[in-house]
Every structure is written in C-alpha cells, then in structure tokens.
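Read the structure below first, then the notes.
The values are calculated or read from the model by the stated rules, or taken from the named source; none is laboratory data. Every value quoted in this text rests on a predicted model; they were computed, and no experiment measured them. Using ideal geometry, Cβ is built from the backbone for each residue, glycine included, and neighbour counts are taken over all protein chains shown. Just so you know, the surface numbers come from the protein's heavy atoms only, side chains and all, with ligands and any DNA or RNA stripped out. Shrake-Rupley method; radii C 1.70, N 1.55, O 1.52, S 1.80 Å.
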Amino acid sequence: MEIFDETFMVRALQLAQKGGRAVAPNPMVGAVIVKDGTIIGEGYHEQFGGPHAEVNAIASVKNKEDLEGATIYVTLEPCRHQGKTPPCLDLVESVGIKQVISGSMDPLHGREVDRADQGLHCTSHTSHRFFEGELAVKCQHLNRFFFTWATQKRPYITVKIATSADGFVTGKGGQMVHFTSPEQDCYVHELRAQHQAIMVGSNTVLADDSHLGVRHVMGGDPLRIVLDSKKRVPQTAQVFRDGNVMHVTTRQPFLELFKDLAKRGIASVLVEPGPTLYTLLKKENLVDELIILKGKKRLGEGLGIEF
C-alpha cells in the first residue's frame with residue numbers, strides 16, 4: 001500500500017467511529033472517495049436501518065461525473081446482499097468507481113477471497129483490494145462486536161473487573177470496596193456507552209444498589225441485565241428505575257441466554273461480574289475480552305479471582 005492509501009483509510013476509520021452504538025448490531029463503516037489524489041466525497045453509516053457509508057459518500061460528491069474512475073476507501077467491504085438497504089456494491093459499480101479498497105472483509109458474504117493477488121475482480125470494471133497490516137487490524141477490531149454477532153450468533157462479551165493493588169476484588173467477608181480512580185470510573189462509563197447491554201449478578205446489585213447507567217461521559221444507558229435466579233433483587237432497586245432492564249429470574253445455559261440476546265439485535269454485552277459469575281463465564285469460554293482495572297488501594301486480605 002502507498003502512504004496516501006493509509007492516509008485515506010485512516011480518515012475512513014475516523015468517520016466510521018462516528019456511527020457508534022447508533023448503528024448496532026450492524027457494523028460501523030466509513031467511506032472516503034478519492035479522485036486524482038484528492039478527497040471528493042465522504043460518508044459513514046449513521047443509523048441502524050439508514051443509508052450505508054458508501055451511499056452517503058457517493059451522495060456527498062457534488063459533481064457526479066467525478067465519480068467516474070475514482071477510488072473508494074471503505075473500512076468494511078461493500079455489502080453484496082439485500083437487507084434493509086440495497087447492495088452497496090451495485091451502487092458503487094453503477095456510478096463508475098474504478099477501485100474499491102477495503103479495510104476488512106464482510107463475514108456475511110460467505111465466500112473466500114484470494115488474498116495472494118490482493119482481492120478479486122467483479123464482472124464489471126471495478127477492481128477490489130484489501131488492506132493489510134496495522135490498519136487492517138484496526139478495521140477488524142473496530143467491528144469486533146458485529147463480526148462475533150454475525151459469525152457466532154451471540155454478542156461479543158467484554159468482562160470488566162476492578163481489583164485492589166494486591167489483587168483482591170472484595171474485602172474481607174465479601175465486603176464491597178471501591179478500587180478505581182475517577183479516571184478509571186470515566187473509562188468504565190465509556191465502556192458502558194459503547195456496549196448495547198450490561199450484565200451483572202444479583203450479588204452486585206444487592207451489595208450497593210447499582211445504577212449501571214452512563215453518567216460520567218456522554219452516551220445512552222445500555223440495556224441492564226440482572227441475573228437473579230433466586231429472585232432476591234427487590235423491584236425498588238434503582239436498576240429497575242425504567243423499562244430498560246431485563247430481569248433474568250430463571251436458570252438457563254449462558255450460551256443460550258446470549259444467543260437469545262443476539263436474536264434481539266444485541267451484539268455487545270459488558271459484564272461486570274463478581275467472582276462466581278466470572279468463573280462460570282470463563283468455564284464456558286464466553287469471555288471475548290477481559291479488562292482488569294487495578295486500583296492503588298491495598299487490602300491485605302479479601303476475595304480474589306483466578307484469571
């Protein structure tokens with residue numbers, strides 16, 4: 001790849017991130033149209049069910065004749081299937097764009113691409129190349145929620161655990177202790193804003209009447225999922241402050257629960273577990289990403305977790 005290729009893909013990534021949770025469970029996608037080394041159009045997927053990045057980028061080009069012979073850089077290869085919107089690849093080819101450079105492959109295409117010659121060629125005159133290297137990894141990471149949801153039929157599961165400086169997650173006798181700094185608290189709320197749902201066990205809610213919302217940063221509250229098979233959490237708990245909550249009062253396999261969430265369009269779940277819930281998720285290989293926040297406070301004794 002040339003240096004200018006990287007410049008345009010970096011810009012496409014910046015645009016893609018603007019979609020955020022508003023496009024879930026669909027992917028975040030950014031697109032940049034270039035002609036003679038100059039950007040002539042930009043767009044990103046702004047809302048679930050709305051026009052895709054390629055459509056918005058093409059629409060932004062003032063003189064449509066400039067599209068003939070142009071190159072489009074897109075963080076995820078243009079879709080080929082009919083969903084809530086028509087296939088983007090058809091539009092890209094029809095306006096005369098000569099080359100598509102994609103940051104990552106679309107798992108919904110269900111086909112292999114020959115990466116040895118950097119891509120494939122369609123029946124039209126539009127050629128395709130796939131990015132490789134660090135930016136390709138970033139494009140893949142950006143849509144890890146979507147890729148898991150599309151291929152494994154369950155949400156991407158992020159587990160966040162806070163510990164003391166000496167590795168304990170609770171105080172003596174299970175006493176709840178706040179370990180994290182204000183900066184770490186903001187990061188936790190950023191994680192909540194990025195995920196569609198947050199899951200906790202009943203012990204967590206009972207210990208401190210958890211709010212589980214987004215307060216320290218901009219963003220909407222995720223769906224709150226409370227695992228409470230013994231029905232111990234009272235309806236007066238603030239976790240039930242509105243209808244954006246799912247109270248799971250029956251025992252069922254975790255994978256089954258997560259697949260049910262995926263069917264509801266939930267592609268990402270942030271789990272803030274106690275030791276028991278984390279151990280069960282780990283045992284069933286349902287931890288895609290583990291985030292450990294270590295505070296400065298030392299307890300000397302308490303309850304730890306084997307990571």
Considering only residues that are closer than 22 Å to Arg215 by Cα and open to solvent by less than 40 Å² (accessible area, probe 1.4 Å), which ones fall in the stretch 228-237?
Ala237
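For the stretch 171-192, name all the residues that are out of contact with any strand residue (DSSP E or B) (no Cβ under 7 Å at 6 or more places or on another chain) and not small (Gly, Ala, Ser).
Kept after step one, since they are out of contact with any strand residue (DSSP E or B) (no Cβ under 7 Å at 6 or more places or on another chain), are these residues of the stretch 171-192: 171-173, 175, 178, 181-183, 185-187, 189-190.
Correct list: Lys172, Gln175, His178, Pro182, Glu183, Asp185, Cys186, Tyr187, His189, Glu190.
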Which one of these is within 30 Å of Arg154 (Cβ to Cβ) and at pLDDT 95 or above: Ala70, Ala59, Ala24?
Ala24
Does Val214 satisfy the condition of being crowded, with 18+ Cβ neighbours inside 10 Å, in contact with a Ser or Thr (Cβ under 6 Å, 6 or more places away or on another chain) and assigned to a loop (DSSP other than H, G, I, E, B)?
no
The condition of being outside any loop (DSSP other than H, G, I, E, B) and surrounded by fewer than 18 Cβ atoms within 10 Å (Cβ to Cβ) holds, among Leu255, Leu270, Leu277, Leu281, only for Leu255
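From the list Phe307, Phe240, exactly one residue is of a type in the set (Phe, Trp, Tyr) and crowded, with 16+ Cβ neighbours inside 10 Å. Which is it? Spell out how you get there, then give the answer.
On the way: Phe307 fails: crowded, with 16+ Cβ neighbours inside 10 Å.
The unique qualifying residue is Phe240.
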Could you please let me know if Thr236 is under 24 Å from His189 (Cα atoms), among the hydroxyl-bearing types (Ser, Thr, Tyr) and part of a loop (DSSP other than H, G, I, E, B)?
yes
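When you check Thr204 against the structure, is it over 21 Å from Pro155 (Cα atoms), part of a loop (DSSP other than H, G, I, E, B), open to solvent by 10 Å² or more (accessible area, probe 1.4 Å) and touching a residue at least 60 places away in the same chain (Cβ under 8 Å), yes or no? Reasoning before the result, please.
Details: over 21 Å from Pro155 (Cα atoms): yes; part of a loop (DSSP other than H, G, I, E, B): no; open to solvent by 10 Å² or more (accessible area, probe 1.4 Å): yes; touching a residue at least 60 places away in the same chain (Cβ under 8 Å): yes.
For Thr204, the condition - over 21 Å from Pro155 (Cα atoms), part of a loop (DSSP other than H, G, I, E, B), open to solvent by 10 Å² or more (accessible area, probe 1.4 Å) and touching a residue at least 60 places away in the same chain (Cβ under 8 Å) - is not met.
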Take the residues of the stretch 284-295 that are in contact with a Ser or Thr (Cβ under 7 Å, 6 or more places away or on another chain) and assigned to a loop (DSSP other than H, G, I, E, B): which is least open to solvent (accessible area, probe 1.4 Å)?
Gly295
Kindly establish whether Phe179 is hydrophobic (A, V, I, L, M, F, W, C) and within 22 Å of the chain's Cα centre (by Cα).
no
Residues being of a type outside the set (Asp, Glu) and open to solvent by 10 Å² or more (accessible area, probe 1.4 Å) - total across the stretch 217-227:
6
Among the residues of the stretch 265-304, which ones are touching a residue at least 40 places away in the same chain (Cβ under 8 Å) and polar (S, T, N, Q)?
Ser268, Thr276
